[in-house]
Every structure is written in C-alpha cells, then in structure tokens.
Amino acid sequence: MIHQAILLPLLPAPPAGVSVHLEGMWESVRSHDGHNVTEHLILPELPQRVGKQATVAIVPTQALSWHRVTLPAGTLRPGWRGGSAARLRTVLEGLLEDQLLEEPANLHFALAPGATQQGTVWVAVCQRQWLQNALAAIAYAGHTPEAVVPEWVPGNGPTNALWCTGGGHDAQWVWTDAQGVHRRPWPSPVAPHLPPDALQGTVWAEPGVAALAETALQRDVEVMSRAQRLLNCTHTDWNLAQGELAPTHAGWGRIRQALQTMWQAPDWRPARLAALVLVFTQLVGLQAYAWWAEHTLTQGRSTLHSLLQTTFPATTVVVDAPLQMERAVAALRQSSGSAAKGDLESMLAALGGSENFEPLMHTGSAQAAMEFSAGELRVSGLPLSPEPVDALRRQLADLGYALQADGNSLRIRANTAP
C-alpha cells in the first residue's frame with residue numbers, strides 16, 4: 001500500500017467538484033513504507049487516487065493558531081458526537097473568545113490527543129470553511145484521509161528543534177517548545193533575530209536554505225529534504241478531524257488503520273512471519289492428527305471385522321460388526337439352548353437377583369402382572385416411588401438392561417450395542 005501525505009494549500013480551496021488552480025498549489029509526498037520518500041509532487045491540481053493508499057492531510061503551520069486552556073469538570077465525556085461535540089465546542093468558544101481574532105463560529109477547534117480535565121490542554125484553531133473545502137477537494141479526488149495532522153505541534157520541553165524552511169522570499173524559521181509553535185519569516189539572508197532559547201537545540205534546514213542558515217547562524221545545521229519532513233509529520237498522535245469533521249465510525253477506522261500497519265509496516269515483518277509460521281504449524285499439526293485419528297479408526301474397524309469373520313466364518317459381508325456379532329452370539333445361544341440376555345429367563349433372573357425389586361412386589365394391595373413381548377418385559381400393578389425405581393435402574397444398568405417407569409408399570413429391555 002502507498003502512504004501519501006498531502007499538504008493543504010493556504011488559499012481558500014473551492015468546493016468539491018472544482019479543480020484547484022495554480023494559486024492553490026497542492027503538495028503531495030508518497031512512500032511505499034511510510035518512512036522513506038519515493039515521490040514528491042507540487043501540482044496545481046490534486047492527483048487522483050491510484051490503487052490502495054493511506055492518505056494523511058497536513059495543515060500548514062500558517063493556518064493554525066495554538067492556545068492552552070483548562071477545561072471545566074464534566075466537559076469531556078465518551079463519544080464526542082452529537083450533543084457532546086456541540087457542548088465541547090460551546091465550552092471552547094467561551095474559553096477562547098478573548099484570544100481569537102475572528103468570530104468563534106467561523107473557526108474549527110481540535111484538542112490535543114489524550115486531553116484530560118486535569119491541568120491545561122492544547123487547542124489547535126483554524127478556519128472552519130477553509131478546512132472543510134480542502135477536505136472536500138481531497139474527497140473529490142478519490143482520497144479518504146485517515147487523519148488530518150498539523151505541520152508542527154507544540155513541544156514538551158524548553159526547545160525541541162529549530163527549523164529553516166522554504167526558500168527565497170518564502171523562507172522562515174520555525175521552532176517549537178512548551179509555549180507553542182513559533183514562526184518567524186526570513187525574507188533576506190541576514191542574521192535572524194531569534195530568541196536565545198531557540199538556538200539551544202538542534203538546527204535543521206531544508207536543502208535550499210541550508211547554506212544560508214549556516215552562514216547566518218555561524219554553525220552547522222542538519223539537512224533534511226522538505227518531502228521527508230512532510231512525511232515525518234504524519235507520524236503523530238494528533239488528529240484535527242474532530243467534532244463535525246470526525247469520521248462516523250472513528251473506532252473502526254482506528255482498528256482498520258492499526259491492522260493495516262501490522263500487515264504492511266516493515267517493523268512488523270518479523271511478527272507477520274512468526275504468525276504465518278505459527279498458522280502453518282497448526283495446519284500441519286491438524287492434518288497430522290486427522291490422519292492419525294483416521295488411521296486408528298480404520299485399524300480398529302479392520303480388527304473388529306477380522307474378529308467377527310474369524311469367530312463366525314459364516315459372516316461374509318460386514319456392515320455393522322458389533323451388531324452382527326451380538327446377533328450371531330444370540331443365535332448361537334438359542335441354538336445351544338442357552339438363554340440370551342434379551343430372553344425372559346435372563347430378565348427374570350436379573351430382577352430376582354436385585355434387592356431393590358423384591359420390596360416392590362410385596363408392597364400394596366394390587367396383584368402385579370407380567371407381560372413379555374418382542375424382547376421387552378412389562379411389569380404392571382406396582383406402587384412405584386422415585387427412590388427405589390432409580391436404585392433398581394442403576395442396578396439393572398450394570399447388568400446390561402434399560403429400565404423405564406411408566407405410571408405404575410416397569411418396562412425392561414436389554415441394551416443393544418451402539
């Protein structure tokens with residue numbers, strides 16, 4: 001998948017459906033891995049989407065202002081949509097009203113990632129209509145931004161870094177610290193008037209102004225291409241698409257983005273290979289176990305078939321070895337005069353040998369009656385209660401018989417092999 005960073009033009013973008021002309025140049029950076037630049041374009045019109053792309057829109061630093069506020073208790077609630085988003089916007093408009101140069105209704109507000117109601121939080125502010133028009137133009141070109149990020153964000157230390165960007169009359173110095181994002185134009189190659197704190201950290205410069213920056217500051221600077229710097233801007237937790245600009249399914253979008261990162265990012269390559277090896281090993285193990293189970297079952301069936309045909313040579317076709325063997329044994333008993341388990345004599349012997357059946361025969365005034373038919377013995381006219389019936393059922397089950405109580409009758413049948 002191609003990773004694309006799009007720097008929004010500063011001039012107001014037209015509504016969706018209209019091309020962006022020369023006065024609103026689009027800057028696009030593409031990368032195959034999200035870390036190394038493969039293409040850098042500056043075009044009067046936004047290029048159309050080609051194939052699968054993970055797009056991130058970048059808001060230039062000139063379009064943003066930064067403010068620190070302390071949120072009242074109860075401002076942040078789960079799910080900033082609908083009433084929650086409107087309530088948050090109302091709170092921010094009230095807190096920033098005296099700090100803004102434009103009407104709050106014309107502005108878009110975005111909180112810092114992980115914002116809480118403890119202490120102060122950063123709020124990024126830009127023109128709402130300009131941002132909506134720019135995102136509409138991106139959508140018209142077939143792109144769906146996964147995030148809208150600022151070009152620079154406030155730092156968390158005295159001074160994070162000093163940058164010299166642009167070229168010619170558009171050159172500028174930018175530095176970030178705990179007080180926000182600071183920008184100072186540099187129209188002429190004279191020594192810039194920068195605060196001492198801004199010069200304490202590393203100085204970076206784009207190739208077009210690196211030599212001028214070294215001469216003006218009388219020190220070495222680190223050089224990084226503009227395209228690489230813009231691509232690095234996408235590696236942030238900030239997302240200005242909040243409130244009315246938040247995606248409808250933000251949670252699913254974050255999950256999809258995380259899954260795409262795990263599937264495509266080079267850093268996750270060892271984990272992906274390990275997962276594939278694990279899945280392959282499991283599949284091989286399942287196939288081996290299935291083969292072993294089938295082989296064991298086939299071998300057991302073959303043993304039963306061989307035992308049946310060896311014991312009863314008259315059996316030529318084996319369909320159900322256990323059932324055929326049981327029937328053959330029953331026929332052998334019948335021919336030799338021995339009682340089978342399903343015969344009346346065997347059932348009466350089983351009942352007579354049970355100490356739980358005799359009390360039932362001598363309880364009550366009614367005379368018990370017995371009926372034997374089709375391998376089932378029915379004893380009726382008994383005063384039955386659950387406890388002795390359950391005890392008798394367990395005892396007969398050990399002898400291979402099934403007992404069923406029906407009203408004041410008992411039905412006994414020999415168990416058949418499964």
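Every number in this text was worked out from the coordinates using simple rules, so none of it is lab data. What you see is a predicted model; the values in this text were computed from it and never measured. Positions of Cβ are generated from backbone atoms using ideal geometry, with glycine treated the same way; all protein chains shown enter the neighbour counts.
When the square roots of the Cα gyration tensor eigenvalues are ordered a ≥ b ≥ c, the ratio a/c for the range 111-242 is 1.5 or more and a/b does not exceed b/c, which makes its shape oblate.
Multiplying the sequence separation of Thr144 and Arg49 by 0.36 nm and subtracting their Cα-Cα distance, what value in nm do you get? Numbers along the way, then the final one.
Details: separation 95, 0.36 × 95 = 34.20 nm, distance 0.93 nm.
Here the segment from Thr144 to Arg49 would lengthen by 33.3 nm.
All other residues with a Cβ under 11 Å from the Cβ of Val203 taken together, and with Lys, Arg as +1 and Asp, Glu as -1, what is their net charge? Residues near Val203 contribute -2 overall. Of the residues Ser380, Ser28, the one with the fewest other Cβ atoms within 10 Å heads the list, and the complete ranking is Ser380, Ser28.
Per 0.36 nm of contour for each residue apart, how much would the distance between Leu283 and Met25 grow if the chain were fully extended, relative to their Cα-Cα spacing?
Numbers: separation 258, 0.36 × 258 = 92.88 nm, distance 5.33 nm.
In short, 87.5 nm is gained.
Order these peptides, 131-137, 105-111, by their mean beta-carbon neighbour count within 10 angstrom, highest first. Numbers along the way, then the final one.
On the way: 131-137: 21.1, 105-111: 18.9.
In decreasing order of mean packing, 131-137, 105-111 become 131-137, 105-111.
Each label point was placed 7 Å from the Cα along the Cα-to-Cβ direction; for Ser188 and Ser373 their separation is 12.3 nm. Our estimate of slack between Glu358 and Asp320, defined as 0.36 nm per intervening residue step minus the Cα-Cα distance, is 9.8 nm.
With r defined as the distance between the Cβ atoms of Asp170 and Glu93 and R0 fixed at 51 Å, what FRET efficiency is calculated, to the nearest 0.05? Each step should come with its number before you reach the end.
Numbers: r = 33 Å, r/R0 = 0.65.
My answer for the efficiency is 0.95.
With the simple spin-label model, which puts each label point 7 Å out from Cα in the Cβ direction, the Leu344 to Asp390 separation comes to 3.4 nm.
With a simple spin-label model that places each label point 7 Å from the Cα along the Cα-to-Cβ direction, the separation between Ala331 and Leu101 comes to 10.7 nm.
If we count other beta carbons within 10 Å of each Cβ, what is the order of Glu371, Glu93, fewest first? Intermediate results must be reported in sequence, preceding the final value.
Details: Glu371 11, Glu93 15.
With the sparsest Cβ surroundings first, the list reads Glu371, Glu93.
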